[in-house]
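These notes concern the structure reproduced below.
The values are calculated or read from the model by the stated rules, or taken from the named source; none is laboratory data. Note that the coordinates shown come from a computational prediction; the quantities given were computed from them, not determined experimentally. Heads up, the Cβs are rebuilt from the backbone with ideal geometry, glycines too, and the neighbour counts pull from every protein chain shown. Ligands, DNA and RNA are stripped out before the accessible areas are found, and what is left, the full protein with its side chains, is counted by its heavy atoms. Shrake-Rupley method; radii C 1.70, N 1.55, O 1.52, S 1.80 Å.
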Amino acid sequence: MENDKRTGLSKTKLKNSFWKSRQELVRTEVIPYQLKALEDGVDGAEPSRCMENFRKAANALARRRAGKNTPVYPTDKWHYTDENAQPGAFKGWVFQDSDLYKWIEAASYSLGNHPDTKLESAVDEAIRLVCSAAEEDGYIDTLYTINNPAARFENLRDFHELYCFGHLAEAACAHFSITGKPALLNATARFADLICRVFGKDGKKGYDGHPIAEEALLKLYEVTGEHRYLDTARLMIDRRGTRPYYFDTERDAHTPDGEMKYMYNQAHLPVRNQKEAAGHAVRAVYLYTAMAHLARLDQDEALLNACKTLFDDITRKKMYITGGIGSTKDGEAFTYAYDLPNGTAYSETCASVGLVFFARRMMQADCDSKYFNAAERCLYNCILAGMAEDGKSFFYTNPLEAEPKTLALDERRSHIKPVRQKWFDRACCPPNIARLISDLGEYIFTENNGTVFINLYDNCTAECESAAIEILGDYTGSGKVNVKIKPKKHMKIAFRIPEWSENFTFSRKDVFIKKGYAYFEINAEQTISADFGIRIKIMRCNPNVRENAGKIAIMRGPFVYCMEETDNGANLHMLRLSDHPKFSFDGENIYANGYRESFENQALYSDNIHVGTAKVNVIGLGDYSIFASLVKFNIVGEEPQDTAPEETVPVPPQQDAEEGNGSENEGAENQT
């Protein structure tokens, strides 16, 4: 098992690149916009009530410290609204506090990338607000501080106290690591110490209903060196799913032998016995991230093997081609192997973000390209699709097919929005995107025992323990990169070979390939060039996925492409590629020759539904990550007249013409 030495944000800097532009978008647009949303200042957006709750909590504490009584309100709901809660009570979802913590985390990473005094002042003010809501024993959770402090830690399964603590701790670790300012870390440590007392070896045998506290405690351990945080995280992970179920104990209930409960919370079995990804998808990958982290810290092979099994189950049987996971809105959950419906997919943005977290922890423990192959798929597709190009609207769910006019008519699709939303009252996804993109420098390299692994390709510089490294190139455009290495000692560098690359070449021929990484010995300063041979590819699905029988997807490099009615007309399901399609790429969109089926017989059922004259059509496909954008794709969508189906058609001016590998007239629909 590996023990990595991370190259922190202070040592890895993106520059003039694909992801640098996204970091700048987050810094200049997303972070200010999200703070405004947390303050309920975005017209037409769902109110957050987040900052309002912290102010209420601080006021309640001030009154109690002054010897005054405060009202007691119910703590029995998931969601508190103006209709079901009194004016002075907590408002929003039980996890509302976490939105501010994720904002602080994203803003802290952004400060590490680009110092900004105005943003730093805003973060300092947010931290003062959080600290003002801390109780005498360190406890911070505005729901219970406002409504009823006596009800703390009574319902771990449902009401997210430890989840909110987890995001608080992750924000505190990020902020301290970047700025060196201790206020938030000190407040968080006091809360963590309380948790260690309440849930330590001699305390309650509890664990969180929505995992994240475990990973947060492990991060706190790494930042502070306090072993009690490691010990408590280990206890929570080891207790999970053991009998008697703690969630039964909370409810004075009993689960008979042979019956399993709490799969939704990944608490149905002890973690080392879990073989399939199950339950709420975000909760699952957050738990698995902590398991992989602990496995590395403890050198626990049994726990790491469980993580390998779970990772493979997700990526081989339960992941969409876009990197989306969680196929049903019922519980926002995994279902069963190969159940990947396109039109009803849940595919929450947060779940893909969590899968990237899991992939990074697995790579740190077990150097294999499959981890960042999955992370790359998530990053360039599902996660980017979750945020508009202007950073001011967002998708919560990310289906692969959507017909806007039917969404309001079908309860099975009620979770799908035809356009990105300004904000959500459950706004977990927007700040999750912001914190991941702002922190992406952490993900590009992994350093283990004298080998620097390149996991992601983007223009950057990095100071690793073994070498100074610079990456330059056009990975998403041409598939070519140059890596300059200035070694500080004898070392190795390992290039991840992308799973989409079939004909890769390196400027050095003395390459050793293992688990999808190309290794080179480095003794002197040099530059190694890589060409991953990017091209347009027709992708087919495992035949066990019944939903995709007869369907294909189109990819170019890491990007999945899709069609929209705006550019190709209605009834996208009627479009077909020609038998031997020719593709072209103009630097933004893909074009292909194909045709639209028409039917002369309009009967719903018939033994003689004749396929009418199929007319040649230039099919346009745009990048999935920007579908439903305000900026229209420049795609030709008209059908040329009086042309036979097999005739080659002209395509728009192109920078790069690329030939496909045959489609057998399969449909090319991915997204409306």
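Below is a table of values for the structure above.
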read-out	value
Every pair of residues 6+ apart whose Cβ atoms lie under 7 Å, when the first sits in region 183-205 and is more than 12 Å from residue 236 (Cβ to Cβ) while the second is of a type in the set (S, T, N, Q) and outside any loop (DSSP other than H, G, I, E, B)	189/224
Criterion violated by residue 389 - all others in (1) open to solvent by less than 60 Å² (accessible area, probe 1.4 Å); (2) under 14 Å from residue 624 (Cβ atoms); (3) within 20 Å of the chain's Cα centre (by Cα) satisfied	(1)
Count of region 216-246 residues which are out of contact with any helix residue (DSSP H, G or I) (no Cβ under 9 Å at 6 or more places or on another chain), over 22 Å from residue 177 (Cα atoms) and either in a helix (DSSP H, G or I) or not aromatic (Phe, Trp, Tyr) (or both)	3
Condition broken by residue 409, with the remaining ones in (1) out of contact with any Asp or Glu (no Cβ under 8 Å at 6 or more places or on another chain); (2) touching a residue at least 60 places away in the same chain (Cβ under 8 Å); (3) surrounded by fewer than 24 Cβ atoms within 10 Å (Cβ to Cβ) satisfied	(2)
Scan of region 453-489 for residues that are open to solvent by 10 Å² or more (accessible area, probe 1.4 Å), assigned to a strand (DSSP E or B) and closer than 14 Å to residue 18 by Cβ, ordered by number	472, 473, 474, 480
Residues of region 247-264 that turn out to be in a loop (DSSP other than H, G, I, E, B) and open to solvent by less than 70 Å² (accessible area, probe 1.4 Å), as a count	5
Long-range neighbours under 9 Å by Cβ, at least six apart or interchain, first residue free of Cβ contacts under 8 Å to residues at least 12 places away in the same chain within region 250-261, second open to solvent by 90 Å² or more (accessible area, probe 1.4 Å) and not in a loop (DSSP other than H, G, I, E, B)	none
Matching entry among 556, 540, 576 (being modelled with pLDDT of 90 or more and open to solvent by 20 Å² or more (accessible area, probe 1.4 Å))	540
Some residue of region 501-514 being modelled with pLDDT of 95 or more, touching a Pro at 6+ places or on another chain (Cβ under 6 Å) and open to solvent by less than 50 Å² (accessible area, probe 1.4 Å)	no
Pairs, first modelled with pLDDT under 95 and surrounded by fewer than 24 Cβ atoms within 10 Å (Cβ to Cβ) in region 353-364, second assigned to a helix (DSSP H, G or I) and not aliphatic (A, V, I, L, M), C-beta under 7 Å, six or more apart	none
Filter pass, residue 149 being more than 22 Å from residue 424 (Cβ to Cβ) and open to solvent by 50 Å² or more (accessible area, probe 1.4 Å)	no
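Okay, residues lined up against (1) hydroxyl-bearing (Ser, Thr, Tyr); (2) in a helix (DSSP H, G or I); (3) more than 29 Å from residue 23 (Cβ to Cβ):
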position: 392; (1), (2), (3): no, no, no
position: 401; (1), (2), (3): no, no, yes
position: 409; (1), (2), (3): no, no, yes
position: 415; (1), (2), (3): no, no, yes
position: 419; (1), (2), (3): no, no, no
position: 424; (1), (2), (3): no, no, no
position: 430; (1), (2), (3): no, yes, no
